[in-house]
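Student: Quick one: the structure is below, questions incoming.
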Amino acid sequence: MKNSLDYSQQELQGILQKTTDLVMQQYANIDRQDGFHDYPQAEVASWFDEPLPTEGCNAIALLDHVKQRVLDTATGNLGPNMYAYVMAGGNQISSIADFLTSTINQNATKWHLGPAMTEIEKRVIKWTADMINYTPEAGGVMVSGGSAATLTGLTVARNVFCRKFNVNQQGLFGMKPLTVYCSTETHSSTDKSISLLGIGTKQLRRIATDEQFKIDLQQLRAQIEADLAAGFTPFCIVGNAGTVNTGAIDDLAALADIAKQFDMWFHVDGAYGGLVSSLPELKAKYAGMELADSIALDFHKWLYQPFEIGCTLVRNWDVLRESYFKQADYLDTALESKTDRLEFNEHYFQLSRSAKAFKVWMSLKAYGFKQIQAMMKKDLELTRYLEKRITSAPDFELMSQSDLAIACFRYTGEQLSDEQVVNINQALIPALEKDGRVFITGTRLRGEFVLRACIINHRKTTDSIDYLLDVIRDVAQKISME
Ligand SMILES: Cc1ncc(COP(=O)(O)O)c(C=O)c1O
């Protein structure tokens, strides 16, 4: 048996060459990548149904197996035919960065375990604040995604707001219940965070929205006043900088104002739409985001990063440290040579952390932010194109208006009753998954089921949009004939 897990330089070269070939094959026909491959669950499970491999196998043969079972069956997140959820297509430089990151295996937890990676993460936080016009003093941390970014923002919110009760030690024991406010369109990660933080989702006040799916400010105010009168402690407003259903942006300036008036924390969920505020033509829509106490962002969305990477920004580093610092003898920095070192483990929940910021840094350097903004702009333009195609078609109906890159719509056919329209749109979801040419999912707007296309992929063109409608029409007609 070998004395380490390493291959010889020559063997490694061969494995890397094979890997390079597989990567090149991924991109060779990317513009024709299907949205989904409809293998039955049991079949996929059977490919991996084997006991613990106690003996190794040949790495080249393993890569062949990986190509067949993993790469060739992958859902088409990279390609232009993915419209479901919020699936950005990644980018080539960032996957190279991820590979290099794991090659050097830095731990972005203590400065001396990854000096360059720590400074890179700090720099990415500065650049991010710059992109969205947030305070240059901002502190922040790379997290796994939008959900973790909101949990982090709300954790800091709770701990700082409840500073005088010392919740880090006392918990929420004996306090009047905290209440949190957001619109009915707010992402479910806010509910999850509120429940994890011990506040309880019963104390999450979901306020109705106006006809544009933005939070109703009058109802918000009335609810806060009613809660105060009833003995609750209103503590945080969560504003949307782009909802997941339709891309609605709340009136963030008004929310910041209300939060200030009632002495509350103001958190913004910018996981979907926060970064696109960097486009000059959209800036005005986001007025007030710069006043947030914390902001959740997602780089695996509109910065086209491969999963996973999100980011929480707060107004300064101190509030992160106040929430997360915990003394531990073996982590003590007192004997280290110089103390201008920022320790991420003192500013976040995780101790060991991958150096996620590196791929953002490398891709911003390689492409330049202007080029990334051009791709965001293209996504917006393609969405306007899709909306136009829908409104001018006799057999589709547009169901939402967005400033961002989400279009909700229904297939209406040409002679279908209301009930048939409802049924066929629901039937389209499994039928399109089975067909596989495009991948699109649905949602409900005010209780009504709609198809929802999210356009967030730098590899799409007007041809992809035409193809989407052609495929939906084709599959719908097949369902109608059944
Ligand atoms: C507005 C919004 N917030 C939060 C999230 C959760 O982000 P993640 O999937 O990265 O946890 C999403 C995901 O789509 C989102 O659109």
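Student: How large is the dipole of segment 323-376 about the Cα centre if only Lys and Arg carry +1 and Asp and Glu carry -1, each at its Cβ, rounded to the nearest 20 debye?
Tutor: That gives a dipole near 500 debye.
Student: Using the Cα centre of segment 370-481 as origin and beta-carbon charges of +1 (Lys, Arg) and -1 (Asp, Glu), tell me which of 371, 441, 420 is placed farthest towards the positive end of the dipole.
Tutor: Positive-end residue among those listed: 371.
Student: Around residue 311, which amide H atoms from residues at least 5 apart in sequence, or from another chain, sit under 5 Å from its own amide H, with H modelled in the peptide plane?
Tutor: Close amide H contacts, sequence-distant or interchain: 143, 297, 298, 299.
Student: Here is a further query. List 480, 402 from most exposed to least, where exposure is judged by having the fewest other Cβ atoms within 10 Å.
Tutor: 480, 402
Student: Give a quick list of chymotrypsin sites (Phe, Trp or Tyr not before Pro) in segment 29-107 that DSSP marks as loop, anything other than H, G, I, E or B, with at most 13 other Cβ atoms within 10 Å.
Tutor: Sparse-neighbourhood loop chymotrypsin sites (Phe, Trp or Tyr not before Pro): 48.
Student: Please work out the ratio of the alpha-carbon Rg of segment 106-366 to 2.2 N^0.38 Å and round it to two decimals.
Tutor: Ratio of Cα Rg to 2.2 N^0.38 Å: 1.00.
Student: Only counting other Cβ atoms within 10 Å, I'd like 295, 194, 93, 207 sorted with the fewest neighbours first.
Tutor: Ordered from fewest to most neighbouring Cβ atoms within 10 Å, 295, 194, 93, 207 come out as 93, 207, 194, 295.
Student: Please list, in order, the residues from segment 373-410 whose amide nitrogen is less than 17 Å from a point placed 7 Å along the Cα→Cβ vector of residue 130.
Tutor: Under cut-off, by backbone N: 373-374.
Student: Among 74, 270, 456, which residue has its Cα positioned farthest towards the positive end of the charge dipole of the chain, with +1 placed on the Cβ of Lys and Arg, -1 on the Cβ of Asp and Glu, and the dipole taken about the Cα centre?
Tutor: So the residue we want is 270.
Student: So, one more: Per DSSP H run of n ≥ 4, the term is -39500 (n - 2.57); total these for the chain, divide by its residue number, and report the mean residue ellipticity at 222 nm rounded to 500 deg cm²/dmol.
Tutor: That comes out to -13000 deg cm²/dmol.
Student: While we're here: Hey, which aspartates and glutamates would be in cross-link range of residue 359, C-alpha to C-alpha under 14 Å, not counting anything within fewer than 8 residues on its own chain?
Tutor: 98, 119, 121, 298, 308
Student: I need the shape label for segment 86-151. Rule: rounded when a/c is under 1.5, else prolate if a/b > b/c, else oblate, with a, b, c from the alpha carbon gyration tensor.
Tutor: oblate
Student: Can you tell me which lysines have their Cα less than 21 Å from the Cα of residue 283? Leave out same-chain residues fewer than eight positions away.
Tutor: Hits, sequence-local ones excluded: 126, 214, 301, 370, 377, 378.
Student: Search the structure for amide H atoms under 5 Å from the amide H of residue 233, placed 1.01 Å from N in the peptide plane, and list their residues when 5 or more places away or on another chain.
Tutor: It is 178, 179, by chain and number.
Student: Restrict the search to segment 1-98; then list the trypsin sites (Lys or Arg not before Pro) that DSSP places in a loop and that have at most 16 other Cβ atoms within 10 Å of their Cβ.
Tutor: Those that pass, being in a loop and sparsely packed, are 2.
Student: Right, here's the next one. Sort out for me the Cα centre separation of segment 311-386 from segment 172-226, rounded to whole Å.
Tutor: Using only Cα atoms, the two centres lie 27 Å from each other.
Student: Can you compute 3J(HN,Hα) from phi for each residue in segment 343-354, using the Karplus curve 6.51 cos²θ - 1.76 cosθ + 1.60 with θ = phi - 60°, rounded to whole Hz and x for Gly and Pro?
Tutor: The phi angles translate into 9, 5, 5, 8, 10, 7, 5, 6, 8, 5, 9, 6 Hz.
Student: What is the Cα centroid distance between segment 387-409 and segment 412-482, reported in whole angstrom?
Tutor: 12
Student: Quick one: of the DSSP bridges fully inside the chain, what percent are antiparallel, nearest 5?
Tutor: 55
Student: With contacts defined as alpha carbon pairs under 8 Å and 6 or more residues apart, what's the relative contact order of segment 405-449 in percent?
Tutor: Reported as a whole number, the value is 26 percent.
Student: Using Cα-Cα distances under 8 Å and only pairs 6 or more residues apart, what relative contact order does the chain have, in percent?
Tutor: For the chain, the relative contact order is 22 percent.
Student: Applying 1/(1 + (r/R0)^6) with R0 = 56 Å to the Cβ-Cβ distance of residue 63 and residue 164, what FRET efficiency is obtained, to the nearest 0.05?
Tutor: It comes out at approximately 0.45.
Student: Need one word for the chain: rounded, prolate or oblate. Basis is the Cα gyration tensor (sqrt eigenvalues a ≥ b ≥ c); a/c below 1.5 gives rounded, then a/b vs b/c decides.
Tutor: It is oblate, given that a/c is not under 1.5 and a/b is not larger than b/c.
Student: With both bridge residues required to lie in segment 106-366, what share of the DSSP beta bridges run antiparallel, to the nearest 5%?
Tutor: Given both bridge residues lie in segment 106-366, the antiparallel proportion sits at roughly 40 percent.
Student: What is the distance, in nm, between label points placed 7 Å from the Cα along the Cα-to-Cβ direction at residue 307 and at residue 479?
Tutor: 2.5
Student: Let me ask something additional. Run the numbers on segment 423-482 and let me know its relative contact order in percent, using alpha-carbon pairs under 8 Å that are six or more apart.
Tutor: Result for segment 423-482 is 39 percent.
Student: Between segment 26-46 and segment 118-149, what's the alpha-carbon centroid distance in Å?
Tutor: 34
Student: Another question, then. Please report, in debye to the nearest 20, how large the charge dipole of segment 370-481 is about its Cα centre when each Lys and Arg carries +1 at its beta carbon and each Asp and Glu carries -1 there.
Tutor: 500
Student: Continuing with the same structure: Ordered by packing density, taken as the mean number of other Cβ atoms within 10 Å over each peptide's residues, highest first, how do 322-335, 253-266 rank?
Tutor: 253-266, 322-335
Student: Which loop trypsin sites (Lys or Arg not before Pro) in segment 378-482, with loop taken from DSSP, have no more than 14 other Cβ atoms within 10 angstrom of their Cβ?
Tutor: For trypsin sites (Lys or Arg not before Pro) across segment 378-482 that sit outside H, G, I, E and B with at most 14 neighbouring Cβ atoms in 10 Å, the list reads 446.
Student: Still on this structure, I have one more. Would you work out which of 115, 150, 236 lies farthest towards the positive end of the dipole of the chain, given +1 charges on the beta-carbon of Lys and Arg and -1 on that of Asp and Glu, about the Cα centre?
Tutor: 115
Student: For segment 47-59, take each phi angle, set θ = phi - 60°, evaluate the Karplus expression 6.51 cos²θ - 1.76 cosθ + 1.60, and give the result in whole Hz per residue in order, putting x for glycine and proline.
Tutor: Per residue, the Karplus-derived 3J(HN,Hα) values read 4, 10, 7, 8, x, 3, x, 7, 10, x, 10, 5, 5 Hz.
Student: For an R0 of 45 angstrom, estimate the FRET efficiency from the Cβ-Cβ distance between residue 463 and residue 335 and round to the nearest 0.05.
Tutor: 0.15
Student: Determine which aspartates and glutamates satisfy two conditions relative to residue 326: a Cα distance under 19 Å, and not lying fewer than 8 residues away in the same chain.
Tutor: Counting by Cα, and skipping residues close in sequence, residue 326 has these aspartates and glutamates nearby: 318, 336, 340, 343, 346.
No lab work stands behind these numbers, since they all come straight from the coordinates. If you're wondering where the values come from, they're calculated on a predicted model, not measured in any experiment. Cβ coordinates were reconstructed from backbone atoms using ideal geometry, including for glycine residues, and neighbour counts include every protein chain displayed.
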